[in-house]
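Every number here is computed from the coordinates shown, using simple stated rules; none is lab data. Everything numeric in this text was worked out from a predicted model, so none of it was measured. Neighbour counts are summed over all protein chains in view; Cβ atoms, including those assigned to glycine, are modelled from backbone coordinates with ideal geometry.
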Amino acid sequence: MITAIYNLQLISDGVITTGKAVLIKGDKIIDIIADTDIPAGATRIDLNGNYLAPGLIDLQIYGAGSPLFFGGDPSSNALAQMEQVLLAQGCTGFFATIATNTDDIVEQGIDAALQYWDKRIGNFLGLHLEGPYLNSKRCGAHPPALIKKATLGQVKSWVEKANGLIKMITLAPELQDTEVLAYLNGQGIVLSSGHSNATYAEGKSFLNKQIQAVTHLYNAMPPMHHRDPGYIPAIFEERPYTSIVADGIHVDFAMIRLAKRELGDKLFLITDAVTESSTGAYKHQLKGDRYAMPDGTLSGSCLTMLQAVQNCVEHVGISLAEAINMAALYPAQLIGDAGIGKIEKGLDANMVIFDDKFEVTGVIFNGITKTT
């Protein structure tokens, strides 16, 4: 059975086109054709002129819905709720993230992911460990007492325990031994520099070499200075894949505009979103339009991926098609998944439908359409 999605504005690979129909069979896109050429017998779904974009991909998120995944008791229930909530928001791929914590909590998080893996809907793509191998001088909301230097023994034990589910690790490269970075690279894990106090020279030495990416640009890193350039100019010059929290709180929109000019197609969106929590090391409290720790330290965001796209369009001046690239194509490229991030013949039928007010009106996941 072929399903034809039509009467839409198609966003893919930096371009918006009209007059097209997307044909789906099973869980794949089998063709993109003129909407006048829809084959007889196809099931037709009229999008009423709304946008159809590739499913959004969030490589750093801590919770969605009620429970915080990595809180005092990491659970498969929290992952199940994240999948459902994020899918309804148009996020068809995400890395559940574990922040700096005790070894027990990190290992419970790994166990929860393993227990849930065979039950998942499919938008849970794996784990991102943000810490504990950070620089305590740039700890942000991460507890300094739990930050430490990586040892090869512990890294190996966690990677082996996770059985391939650890997909990304944020760490402070300037503090880690070469053998640790080499081992993680050999495992195919994306290494991202974050909560780092690296100098300009240190950044130039490891970016796009041992380190493929940078986590939440500007946050938890040394600021630029005209006599001591610091780490940020090294990022701008080396242009690794770099994530940013586009909420206007973690980063001012003017600074996002600067980052986009410098990094181009290497700048991508994350939410870094959390939920309220009263247990464990991270007691996130919602204070107005932001989450903070009890001492007032800014923590994760309240964003969804589509809200981040909207902010880039309305406040930064980035075109809608390019903002979608930042939320779908570029994250897919970083993690090396060629089956997602675009709407193209042969790719996975994972897409989000939204209107001109950036409200999700439907999601297509594994070829199945759900309207809201």
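A few points about this structure:
- Set Lys204/Lys283; Lys167/Lys283; Lys156/Lys266; Lys137/Lys283 screened for pairs whose C-alpha atoms are more than 28 Å apart: Lys204/Lys283; Lys156/Lys266
- When the chain is treated as a Gaussian network with alpha carbon springs shorter than 10 Å, the biggest mean-square fluctuation among Ala201, Ala113, Ala328 belongs to Ala201.
- Taking a ≥ b ≥ c as the square roots of the eigenvalues of the Cα gyration tensor, the range 221-302 is prolate, since a/c reaches 1.5 or more and a/b is larger than b/c.
- Packing rank of 271-277, 206-212, where each peptide gets the mean count of other beta carbons within 10 Å, highest leading: 271-277, 206-212
- Note on the range 258-372: antiparallel DSSP beta bridges, both residues inside, total approximately 90 percent of the bridges counted.
- Cα lying deepest toward the dipole's positive end in the range 56-335, options Ala323, Leu59, Thr275, charges on Cβ: Ala323
- For the pair Lys148 and Ala338, the difference between a 0.36 nm per residue extended length and the Cα-Cα distance amounts to 64.9 nm.
- Reachable lysines from Lys370, criterion Cα separation under 28 angstrom, eight or more residues apart if same chain: Lys20, Lys25, Lys28, Lys119, Lys342, Lys345, Lys357
- Label reach from Asp13 (point 7 Å along Cα→C-beta): in the range 28-50, amide nitrogens under 12 Å belong to 32.
- Normalised by the number of residues in the range 228-346, the average gap of Cα pairs under 8 Å and 6 or more apart makes the relative contact order 22 percent.
- Treating r as the C-beta distance of Asp355 and Gln285 and R0 as 45 Å, the FRET efficiency rounds to 0.85.
- In this rough spin-label picture, where each label sits 7 Å from Cα along the Cβ direction, the Leu114-Lys25 distance is 4.0 nm.
- The chain: relative contact order in percent, alpha carbon pairs under 8 Å with at least 6 residues between: 21 percent
- Note on the chain: GNM, Cα springs under 10 Å; of Arg44, Arg138, Arg290, the largest mean-square fluctuation is that of Arg44.
- DSSP bridge orientation in the range 40-161 - percent antiparallel, rounded to nearest 5: 10 percent
- Lys, Arg +1 and Asp, Glu -1 on Cβ, resulting dipole of the range 56-335 about Cα centre, debye, nearest 20: 320 debye
- Taking every C-alpha pair closer than 8 Å and separated by at least 6 residues, the mean separation divided by the residue count of the range 87-187 gives a relative contact order of 32 percent.
- Considering only the chain, percent of DSSP beta bridges that pair antiparallel, nearest 5: 50 percent
- When the charge dipole of the chain is built from unit charges on Cβ atoms (+1 for Lys and Arg, -1 for Asp and Glu) and taken about the Cα centre, the candidate among Ile368, Val313, Ile45 whose Cα reaches farthest toward its positive end is Val313.
- Rg/Rh (Cα only; Kirkwood hydrodynamic radius) as it applies to the chain: 0.97
- Highest to lowest packing among 45-51, 90-96, scored as the average C-beta count within 10 Å: 90-96, 45-51
- Over all other residues within a Cβ to Cβ distance under 12 Å of Asp104, the charged ones net out to -4, with Lys and Arg as +1 and Asp and Glu as -1.
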